[in-house]
Each structure stands twice: as structure tokens, then as C-alpha cells.
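Encoded as C-alpha cells, the structure appears first; notes follow it.
The values are calculated or read from the model by the stated rules, or taken from the named source; none is laboratory data. What you see is a predicted model, and the numbers here were worked out from it, not measured in a lab. Note that we place each Cβ from the backbone using ideal geometry, even for glycine, and neighbour counts take in every protein chain shown.
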Amino acid sequence: MTEIIHILQLARSDFSYFFRTKWLMAVLISLHLSDMLVVALVYKQLIPISTLDYSQFFVPAVIVMGLFVAALDTGRRIWLAIREGVIQYYLSLPISTQGIVVAYLIAGGLAAMVYSAALMLVALVVIPIAAVWNTFMLLPFLFFLAMGLAGISATLAAFASTHGEYFFAYQQIVQIVLLTLSTVYYPLKYVQNYLPPFLTSIVSANPLSLAAEAMRSTFLGNSVQLSSLVNILLASLPFTIIGATAYLVALRTIQAKGKM
């Protein structure tokens, strides 16, 4: 019970840091809002979609992208903690290394949820009223997705700490790959026309694609399918496990050697 309390305290501390970067979050939100307006208007002329207006197709994707960006910020905080020696202080606290890992993943998931919820409030302009409840039903599963994405970022932070100050380069590469190989900007049928089958399978299994498609389905007034929720969980789980393992190894290395 004491361990759980310490985990929640550390998660709250890291989560509160998210609100100290107000200007960064304001800039990112403004960029995503411009995506909703500008990109949606331009792509609307290029990609005709039969079931949805492109604005309604793209807005759920922007919310998912916001979730992704905020979750990746977890890695930046981990990288800074390792680089500046703050992690040694955390290791001196009465909390296990596993507890530190769990606390960071929880904080990353919460921060991503808050950020995407802000975008979702703006999206209420285009979300049909009937779809609002179904969209909010997705939130617990989006939280698990956010933890998985935070796990990716934790992996990058742990790797960058042993290979120079390349965290932001690694982050950009992963961000470009995951967004490009997804259905964020375009429907799967367009992907199938231009990419080989094995890449199409990757696009279909991409958790960003799964989350965006589930949210788009609610825009059509459909109830959330259990299979969609299970797929989001299964696609996110490997990222969570890999991220937690990589960060745990980094913490134990610091614990043993005093540094990475």
C-alpha cells in the first residue's frame, strides 16, 4: 500500500510539471487547431471521402495526434531527469525502480489525456451531438494508448542517454514514421493503392490508425465496437512493455554505476 502511495505521489509530481510548460502546450494546441482548419480545407479538395466530410474525417486524427505529441513529452522529461541528475534523487526515494517506471507512464498517460481532451472540446464544433457520448467512452482506452506511446518515448529517452544528446532527433524520426504509416491523413483504401501489402498491414495495426478509426466510427453515429477497443489495447501493450523495460534497465544501470 505504501508503494502505491509513493507511485501516485511521484506520478502527481511529474504530471504537475506538464502544467508548468503552459507556453509550449499553447503553441502545440494552436498548431493542432491550425491543422484542423488549414490542412482539412486543403486536403478536402484532394481526398474525396464518401462516408464523411474530410473535416470530420481529419478532426479525430488531430485529437489522436495531440495524444501522441503529449505522450512523447514524457520522454523529454525522462531524458532531462537522466541528463541533469534528477533521476538519482528519485532513486534515493523510498520507492522501487519499478514504481518509478509505473509513475512516469501513468503521468504520461494523464498528460496526454488532458491535452487531447482540450482538443476534443474544440472538436465539439464538428462532432455530432449523438456521437459525443460514444467518443467519451473511448477515453479509458485512449489512456492506455497514451501509456503505450509514453512507453515509446521512455525507450527513446533511455537509448538517447547512452548515445549522446540525440533524443529529439530520435523522437522526430519515430513521430514521422508512426504518423506516415497510419490512416491519420488518408483512408486505408488510398494506402492500399500505393503501398505494398506488408506496409499496408503495418498501417492497419498502427495504434494511431486504430484509435483514429474508432473515433471516426463514432462520428458516423455508430456505437463503439468491442473489437476496436480490444485492438487498441493489444496494439498499445507492446509499446508499454518495451518502454517500461527500457526505462527500468536504464534506472538499474544508473543505480549500479551512478550514471548511464
Item to complete: Would you please name the residue that is farthest from Ser16 (Cα to Cα), looking only at residues in the range 52-90 that are of a type in the set (Ser, Thr, Tyr) and in contact with a helix residue (DSSP H, G or I) (Cβ under 6 Å, 6 or more places away or on another chain)?
Response: Tyr54
Response to the item:
The lone condition Asn222 fails out of (1) out of contact with any helix residue (DSSP H, G or I) (no Cβ under 6 Å at 6 or more places or on another chain); (2) closer than 28 Å to Ser55 by Cα; (3) assigned to a helix (DSSP H, G or I); (4) not hydrophobic (A, V, I, L, M, F, W, C) is (3)
Discussion item. So, Tyr104, is that one touching a Lys or Arg at 6+ places or on another chain (Cβ under 9 Å) and buried (at least 23 other Cβ atoms within 10 Å of the Cβ) or not?
Written reply: yes
Worksheet item: Would you pick out the residues in the range 85-103 that are hydrophobic (A, V, I, L, M, F, W, C), in a helix (DSSP H, G or I) and modelled with pLDDT under 85?
Response: Val86, Ile87, Leu91
Worksheet item: Among the candidates Phe239, Phe141, which residue alone is surrounded by 16 or more Cβ atoms within 10 Å (Cβ to Cβ), under 25 Å from Ser55 (Cα atoms), aromatic (Phe, Trp, Tyr) and under 14 Å from the mean Cα position of the chain (by Cα)?
Response: Phe141
Worksheet, complete the sentence: Out of (1) closer than 23 Å to Glu84 by Cβ; (2) without any contact (Cβ under 8 Å) to a residue 60 or more places away in the chain; (3) under 16 Å from the mean Cα position of the chain (by Cα), the one Ile173 does not meet is (1)
Fill in: Residue within the range 216-227 that is aromatic (Phe, Trp, Tyr) and modelled with pLDDT of 85 or more present
no
